[in-house]
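Enquirer: For reference, the structure I am asking about is given below.
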Amino acid sequence: MSIFNSLRDRLSKTRNNLVNRIKETISGKASIDSNTLEQIEEILISSDVGYYLSNKIIENVRTKMLNTKDRTSDKIIFDVVKSELKKIFDNNSTSRVSESNNQAKPYIILVIGVNGAGKTTTIGKLAYNYKEQGKKVLIAASDTFRAAASEQLEIWSERAKADIVISEKSVDPSAVAYEAIEKAHKEKYDVLLIDTAGRLHTKSYLMDELVKLNRIITKKLNRAPDETLLVLDGNSGQNAVVQSDEFSKTALITGLVITKLDGTAKGGIVFQIFEKQKIPVKYIGVGEDITDLQPFNAEEFISAIVDIN
Amino acid sequence: MFEDLALKLESALKKVRGQGKLTENNISDTLREIRRILLDADVNFKVAKDFIEDVKTKALGKEVLSSITPGQLITKIIYDELVHVLGGNQSEIKINGSGITTILISGLQGSGKTTFSAKLAKKLKDNQRRSLLVAADIQRPAAVKQLQMLGEQINIPVFSLEEKDALKVVKNSIEHANENNFNTVIIDTAGRLHVDEDMMAEIEHIKNYVLPTETLFVVDAMTGQDAVNSARIFNERLNFDGIVLTKLDGDARGGAALSIRSIVGKPIKFISNGEKLNQLETFYPERLASRILGKGDVISLVEKVQENFEEIEADRLEEKIRKNEFDFEDFLKQIKAIKKMGSLSSLVGMLPGLGSQVKNMKVDDNALVKTEAIINSMTYQERKKPKILNGNRRMRIARGSGTSIQEVNRLLKQFSEMQKMMSQFSKKGFGGPMLKNYKFN
């Protein structure tokens, strides 16, 4: 309940915008006309749901409304839009993490994404969450590329009271990960979080580096990382679909983290990624505080955006 | 996906050619496709709508030339308008001739401010500016350290303070710059959300204190629909001078740039790609326009249309020759076109249908200069109707062009011979060998 409320608070700006606009759109109209549908399209597209998917949803809404006798209530149209959005998640919300893996020790989470998406901040928050659950947490600073990346991560590890492996001598991200896995095994850590350098998915040599990192981890563990999280900026437009396609080629992505949702961006791109690739969203980032990482819940997410109070 | 797109466009364009004028009807399919393309490129919903409406209003009623379809014409018009909007009031950043030039860098988290700040410092240093980087991002962990490390790489000092007040850091940095003879100060600020009142107030205070020579808004090229909201509010608070577009080395289409450009009307001043500190690029509106419209489909189409436009010019010329209306105005246009292409020899290729026959023609490239000068000294009427050129007029032209009356006479004689030949061409079809021995001199 508290998470739900807090999420709703965080997303209230977004919600109020959308709700007011939808209200304007449909109030005082006897039936749903093409103009109304067009305005719903605007709302969906403005949330980065994308042209193709927005129109697919609109089409479904239109069809459903044709069979609905009472078209006067805005609540009915809301419900239909909501249920269409929800359907996308329902069809795809199979977890990619097997139960046995959940017991694995150390539970290894690899965090990847483009530059500036919020990987390092997310790791700090994840470390804090696991610490709060009473886990012994280790962080590997495998972003050996960006200036001061390990210093930034070190500050987060202090805030979360987690331990960190920083290699003074190695610039090879795989070597840092390897060292961290050994330490995690030896000192019986519950969770190991591996940070990586931000990379644009178009740079093949950097994507190759990620493949190598994944291979080294897999070899060392005798299994793939238990989770590979792709961090996406909530401000992302349609390119996020391409990003998730390309990053999927380097590792089996088990979940998405959508960051920066405390602004006015809607993060609607996740619907397309869900529909296309069946990658579930695990967390959303709603601020710069260490507590600002929320588990993703489809229903609450959609409600927080679309629902009337 | 692109193939699908290309197919749709093709079918939208497979309308009857040469439909007279552009009408709502004959361009509606194309406009719908273009709208979709813009939305897929992350152009804001409203911006895309207004943009297409504007272009449509301007375009309706325009004459459609014979060899293209209304769809092609409207696509070309949209492309041109896109280039125009993206490139309008292009400008460099301002640099003060004397005193300190201050540059304030603003933007959302993760947009690329710190990397850009270092790149800009490097660029200005290469231009002999004594630059100081200021680490005013006291929010993000190790942001100061990051700037220091970048500064070290490019050998530019970084000002920082153990301080929880960004404004104080900035105030001290300006003093420091004054005392140490720096003439350029680049202030890297914390990333902030436009809805974060405290943080927006902070950067506003910095701006009001520094009164920067230049305030830049850094935006990630991968940004979606919300770009307009953040840009609008940053602009309301800071009235920034220009936009920096980052991460264009990915494959995002960058439609957000068009949205921001349309909403705030500020120029795009830099493209910041990659993490190497010398990767700061000049902005080319044509490239971004092509990118927004997508590779492989619309662009090849636009190119095709552009080729067609040249053909249309040629068609017009041919028509004039056929009707025996080729005058000095047309001649001047041809000369100018040739000069653009480089040499007189290429005139040969420009005259429609004459290419192979005049291959052996001897041409003197300098002759063009005199010829052009003579034509330039004619009035419009004289160019249109060379017959009215009597002795007095010829004398005036010779004086005006710095040539002799003999030279003017020679050109007129050649021109009338040329006209004669042209009319023969048009009667016999473009077949005869008459131009072979013609000499331009």
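Enquirer: Could you grab the pairs with beta carbons closer than 9 Å, sequence gap of 6+ or different chains, first residue in the range B:17-28 and closer than 10 Å to residue B:73 by Cβ and surrounded by fewer than 12 Cβ atoms within 10 Å (Cβ to Cβ), second one of a type in the set (D, E, K, R) and modelled with pLDDT of 85 or more?
Expert: Taking only residues 6 or more apart or on different chains, not a single pair turns up.
Enquirer: Going by the conditions given, is residue B:283 under 20 Å from residue B:84 (Cβ atoms), assigned to a loop (DSSP other than H, G, I, E, B) and modelled with pLDDT under 90?
Expert: So residue B:283 fits the description; yes.
Enquirer: Please pick out the residue among B:149, B:199 that is under 17 Å from residue B:114 (Cβ atoms), part of a helix (DSSP H, G or I) and in contact with a Lys or Arg (Cβ under 7 Å, 6 or more places away or on another chain).
Expert: Step by step, each of B:149, B:199 is checked, and only B:199 is under 17 Å from residue B:114 (Cβ atoms), part of a helix (DSSP H, G or I) and in contact with a Lys or Arg (Cβ under 7 Å, 6 or more places away or on another chain).
Enquirer: For residue B:139, are the conditions met, namely being out of contact with any His (no Cβ under 7 Å at 6 or more places or on another chain), in contact (Cβ under 8 Å) with a residue 24 or more places away in the chain and within 14 Å of chain A (Cβ to nearest Cβ)?
Expert: yes
Enquirer: When residue B:148 is evaluated against the numbered criteria (1) under 18 Å from residue B:275 (Cβ atoms); (2) modelled with pLDDT of 95 or more; (3) in contact with a helix residue (DSSP H, G or I) (Cβ under 9 Å, 6 or more places away or on another chain); (4) surrounded by 16 or more Cβ atoms within 10 Å (Cβ to Cβ), which criterion, by number, is the only one it fails?
Expert: Of everything listed in (1) under 18 Å from residue B:275 (Cβ atoms); (2) modelled with pLDDT of 95 or more; (3) in contact with a helix residue (DSSP H, G or I) (Cβ under 9 Å, 6 or more places away or on another chain); (4) surrounded by 16 or more Cβ atoms within 10 Å (Cβ to Cβ), residue B:148 misses just condition (3).
Enquirer: Same structure again: If you check B:103, B:68, B:74, which single one turns out to be away from chain A (no Cβ under 14 Å) and in a loop (DSSP other than H, G, I, E, B)?
Expert: So the residue among B:103, B:68, B:74 that is away from chain A (no Cβ under 14 Å) and in a loop (DSSP other than H, G, I, E, B) is B:68.
Enquirer: Here is a further query. Applying the selection to the range A:212-236, what residues are assigned to a loop (DSSP other than H, G, I, E, B), among the small types (Gly, Ala, Ser) and closer than 30 Å to residue B:253 by Cα?
Expert: The answer is A:234, and nothing else.
Enquirer: Another one. Among B:195, B:228, B:210, which is under 26 Å from residue B:134 (Cα atoms) and either touching a Cys at 6+ places or on another chain (Cβ under 8 Å) or within 12 Å of chain A (Cβ to nearest Cβ) (or both)?
Expert: Going through B:195, B:228, B:210 in turn, just one is under 26 Å from residue B:134 (Cα atoms) and either touching a Cys at 6+ places or on another chain (Cβ under 8 Å) or within 12 Å of chain A (Cβ to nearest Cβ) (or both): B:195.
Enquirer: Also, quick follow-up: Within the range A:247-276, which residues are touching a helix residue (DSSP H, G or I) at 6+ places or on another chain (Cβ under 6 Å), over 16 Å from residue A:86 (Cβ atoms) and not aliphatic (A, V, I, L, M)?
Expert: Matches in the range A:247-276: A:250, A:262, A:264.
Enquirer: If the requirement is being more than 14 Å from every other protein chain (Cβ to nearest Cβ) and under 29 Å from residue A:286 (Cα atoms), which of these qualifies: A:184, A:175, A:251?
Expert: That would be A:251, the only listed residue that is more than 14 Å from every other protein chain (Cβ to nearest Cβ) and under 29 Å from residue A:286 (Cα atoms).
Enquirer: Check off (1) crowded, with 18+ Cβ neighbours inside 10 Å; (2) modelled with pLDDT under 95; (3) farther than 29 Å from residue A:134 by Cβ for residue A:202 and give me the number that stays unchecked.
Expert: It is condition (1) that residue A:202 fails.
Enquirer: Any idea how many residues of the range B:128-146 are of a type in the set (S, T, N, Q) and assigned to a loop (DSSP other than H, G, I, E, B)?
Expert: Total satisfying the criteria: 2.
Enquirer: Here are the criteria: (1) within 12 Å of chain A (Cβ to nearest Cβ); (2) over 15 Å from residue B:81 (Cβ atoms). Tell me which single one residue B:267 does not satisfy.
Expert: That leaves (1) as the condition not met.
Enquirer: Give the residue, chosen from B:203, B:243, that is within 17 Å of the chain's Cα centre (by Cα), outside the structural domain of residue B:55 (by TED's automatic domain parsing) and at pLDDT 95 or above.
Expert: Only one candidate qualifies: B:243.
Enquirer: Let me ask something else. Specify the residue that is nearest to residue B:30 (Cα to Cα); the eligible residues are those in the range B:55-80 that are surrounded by fewer than 20 Cβ atoms within 10 Å (Cβ to Cβ) and of a type in the set (S, T, N, Q).
Expert: The extreme case among them is B:57.
Enquirer: When you go through (1) in contact with a strand residue (DSSP E or B) (Cβ under 8 Å, 6 or more places away or on another chain); (2) at pLDDT 95 or above one by one for residue A:238, which number turns out not to apply?
Expert: Failing condition for residue A:238: (1).
Enquirer: So, one more: Mind listing whichever residues of the range B:231-249 are at the interface with chain A (Cβ under 10 Å from one of its Cβ atoms) and in contact with a Phe, Trp or Tyr (Cβ under 7 Å, 6 or more places away or on another chain)?
Expert: Within the range B:231-249, B:246 is the sole residue that qualifies.
The values are calculated or read from the model by the stated rules, or taken from the named source; none is laboratory data. Bear in mind the structure is a predicted one, so any value in this text is a computation, not a measurement. Counting neighbours? That spans all protein chains shown, and the Cβs are built from the backbone with ideal geometry, glycine included.
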